[in-house]
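The values are calculated or read from the model by the stated rules, or taken from the named source; none is laboratory data. Since the structure is predicted, the reported quantities are computational estimates derived from the model, not experimental observations. So basically every Cβ, Gly included, is an ideal-geometry build from the backbone, and we count neighbours across all protein chains shown.
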Amino acid sequence: MIPLARAWRGLRWYVRELTGEARWDEYVDRCAREGVVPMSRRAFERHRADLREHDPQSRCC
């Protein structure tokens, strides 16, 4: 049963990284350490979308 649990944890980690859920958790943890009130989840996602739009990492042409 341990290999199944390990596979589940790996899959869960992968999906969280892929969807960006882990970045939200990291942001909230960082705000807690620094004593800063975090922005709302909606504002956080909007900020991430704006960054991706204005600073693309790769271009096809």
For residues that are part of a helix (DSSP H, G or I) and among the small types (Gly, Ala, Ser), scanning just the stretch 8-32, find the one that is nearest to Ala49 (Cα to Cα).
Ala22
Among the residues in the stretch 46-61, are any polar (S, T, N, Q), without any contact (Cβ under 8 Å) to a residue 24 or more places away in the chain and in a loop (DSSP other than H, G, I, E, B)?
yes
Residues of the stretch 18-44 classified as at pLDDT below 90 and charged (D, E, K, R), total:
1
